[in-house]
1. Criterion first (assigned by TED's automatic domain parsing to the domain that holds residue 164 and touching a Pro at 6+ places or on another chain (Cβ under 8 Å)) does residue 233 satisfy it?
2. Which residues, counting only those in segment 255-271, are part of a loop (DSSP other than H, G, I, E, B) and either modelled with pLDDT under 95 or buried (at least 19 other Cβ atoms within 10 Å of the Cβ) (or both)?
3. From the list 158, 115, 146, which one is at pLDDT 95 or above and assigned to a loop (DSSP other than H, G, I, E, B)?
4. Those residues that are small (Gly, Ala, Ser) and assigned to a helix (DSSP H, G or I), I need them from segment 216-233; list them, please.
5. Considering only segment 439-455, I want to know if a residue exists there that is out of contact with any Cys (no Cβ under 6 Å at 6 or more places or on another chain), at pLDDT below 95, part of a loop (DSSP other than H, G, I, E, B) and farther than 22 Å from residue 348 by Cα.
6. Could you look through segment 159-174, keep only residues that are among the hydrophobic types (A, V, I, L, M, F, W, C) and closer than 21 Å to residue 240 by Cα, and pick out the one that is surrounded by the fewest Cβ atoms within 10 Å (Cβ to Cβ)?
7. All but one of (1) within 16 Å of residue 344 (Cα to Cα); (2) exposed (fewer than 15 other Cβ atoms within 10 Å of the Cβ) hold for residue 458; state the number of the condition that does not hold.
8. Please go through segment 175-197 and give me each residue that is surrounded by 14 or more Cβ atoms within 10 Å (Cβ to Cβ), out of contact with any Ser or Thr (no Cβ under 6 Å at 6 or more places or on another chain) and among the charged types (D, E, K, R), ordered by number.
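The values are calculated or read from the model by the stated rules, or taken from the named source; none is laboratory data. Owing to the predicted nature of the structure, the values given are computational and were not obtained by experimental measurement. Every residue, glycine as well, gets a Cβ built from its backbone with ideal geometry; the counts of neighbours run over all protein chains shown.
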Amino acid sequence: MAKKTYTDSAGKRVHPYVPEISDLYRRGKVSRRDFLHTVTLLGVSAGAAYAFADKVDGVKSLNPIRQAQAAEKGGVLRSAMRVQDMSDPAVFDWTPRSNQARGIVEYMTRTGSDNITRPYLAESWEANDELTEWTFKLRQGVKWSNGDDFNADDVIHNFNRWLDPSVGSSNIGLFAAMTTDYDTGQKNDDGSPVMGKRMREGAIERVDDHTVKLYLNSPVLSIPENLYNYPAAIVHRNFDDEGGNLAQNPVGTGPYTLAEYEIGNKCRLVRRSDGPYWGPEPYLDEIFYIDLGDDDNAAVAALASGQVDHIYELFIDTIDVVERLPNAVLHEAPTAQTAVFRMRMDSAPFDNKQLRQAVAATMDHQKILDLAYRGRGVVAENHHVAPIHPEYYKLPPLTRDVEKAKALLAEAGHADGVSLNLDVNNNNSWEVAAAQAFREQAAAAGIDIKLNIMPGAQYWTVWDKTPFGLTTWTHRPLGVMVLNLAYRTGVPWNESAYSNPEFEAALDVASGILDVEERRKSMEKVESILQEDAIIAQPLWRSVFTATSKRVQGYKAHPTFYHQFQTVWLDG
């Protein structure tokens with residue numbers, strides 16, 4: 001029997017789950033957030049999704065992206081942010097790098113501050129019923145700043161780079177369903193081969209000049225969101241042939257080009273003058289990033305004196321100061337930003353599961369949240385999926401258990417206690433405070449944590465190698481995204497050297513389930529396995545803060561600190 005085809009009012013095919021979840025929403029069986037999130041990933045436009053939800057709810061929602069009513073073009077937005085190396089977007093490992101490049105190179109999709117993903121360089125997309133084939137229609141009429149037409153060859157070139165292990169892009173974890181395992185030629189300690197991942201032959205097809213198709217090994221719902229991960233900016237198809245360095249050869253499809261750039265000092269983007277931009281013209285003439293170092297007080301002082309208009313990130317211990325400034329506005333966003341006390345399971349003594357479990361059992365999550373972050377967030381549960389994530393499944397709450405920790409230590413062969421070295425980044429005072437609080441909690445069970453507090457530049461050279469470290473992770477709109485990035489065997493950002501086939505199989509299942517409630521139920525197994533294996537002790541999920549002067553209009557804080565300045569303008 002032929003499958004039934006579903007179409008919208010314009011006759012366009014829609015995924016067969018769209019009518020089903022629409023009916024569930026109409027009957028109050030799924031939340032507004034889950035409805036909007038799911039149908040937009042399946043290719044329904046954000047406008048149509050919001051209109052349907054408004055009709056069901058009998059309300060008129062505000063457009064989540066503010067539009068200027070009487071804004072004038074022009075002006076320079078000055079942002080206090082670290083200016084970092086921006087050579088190759090595929091290997092970006094910090095959000096500021098992507099913000100510097102964001103006005104030059106663009107993304108296939110765009111996830112807004114409301115966590116809804118919209119088309120960008122991709123005009124539309126659709127998935128087959130099984131979520132194993134994704135077809136992306138690319139915008140026509142988009143020009144690169146060198147005069148070339150943007151087309152399917154550009155997209156294919158980027159996928160080839162992302163999934164080439166010699167490039168080292170973290171995207172290989174997000175698109176693991178397009179890869180195959182291969183023998184790297186290296187050996188583990190037991191003599192077994194070290195396996196890596198690379199693109200599977202036939203994983204991407206050039207359908208025509210403006211259509212590409214992805215073929216996956218297993219169902220994945222998050223493909224459109226994965227394409228807005230910050231290392232997924234689309235570079236020109238000749239990027240490697242022309243030096244492979246965006247800072248030296250800033251060819252892009254975005255509305256800006258690079259005018260000045262000095263690592264650790266400044267990065268100035270100016271409006272392109274080579275021809276009309278394909279999208280709505282931004283209001284700002286220039287975006288000027290000024291590096292004031294890691295001292296939050298310097299950025300706040302610059303905002304107070306009018307030297308900058310925007311602060312990339314405001315640390316928790318300076319929000320009170322900004323709230324008292326007459327010319328400033330504090331912006332807060334609830335997020336899935338976090339920090340994990342991470343243990344490498346291939347390094348002694350953390351290769352012992354009972355020892356890891358003992359470390360985790362000593363944590364009082366709420367107390368660390370209160371002491372280190374003033375309670376501005378929610379407690380985490382040692383499995384890296386947040387309540388803000390649509391697929392989050394609430395497990396039984398964790399409680400500190402010192403006696404259990406002592407018993408586990410004894411099972412691990414450390415009945416008289418154990419001494420552990422913890423590497424900590426000193427850039428954020430709250431991270432140091434969290435580490436100090438955890439050290440005191442662990443001591444009650446005979447676990448002596450010795451803190452090695454390091455400058456940020458030093459820490460980030462060893463973050464994925466140190467046996468025991470405190471690592472911050474940024475927000476992702478789906479929990480499965482960070483699980484794919486950080487906890488799959490052989491992916492570049494697997495800092496814990498975690499490898500558990502049962503976990504990966506469960507994650508594969510959860511990643512492909514459309515029904516919201518069923519997906520949550522499947523995540524119970526994913527979360528439980530990760531929690532039980534105790535490779536992380538994760539205290540908190542934090543709200544994040546930015547600040548602007550009152551002359552900045554149309555700005556909304558993004559939970560990932562992404563800068564979306566196209567609709568921002570300056571008043572006066």
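1. Here the answer is yes, as residue 233 does meet what is asked.
2. 255
3. Result: 146 is the single residue among 158, 115, 146 that is at pLDDT 95 or above and assigned to a loop (DSSP other than H, G, I, E, B).
4. The answer is 232, and nothing else.
5. yes
6. It comes out as 167.
7. (1) is the only condition that residue 458 fails.
8. Within segment 175-197, 181 is the sole residue that qualifies.
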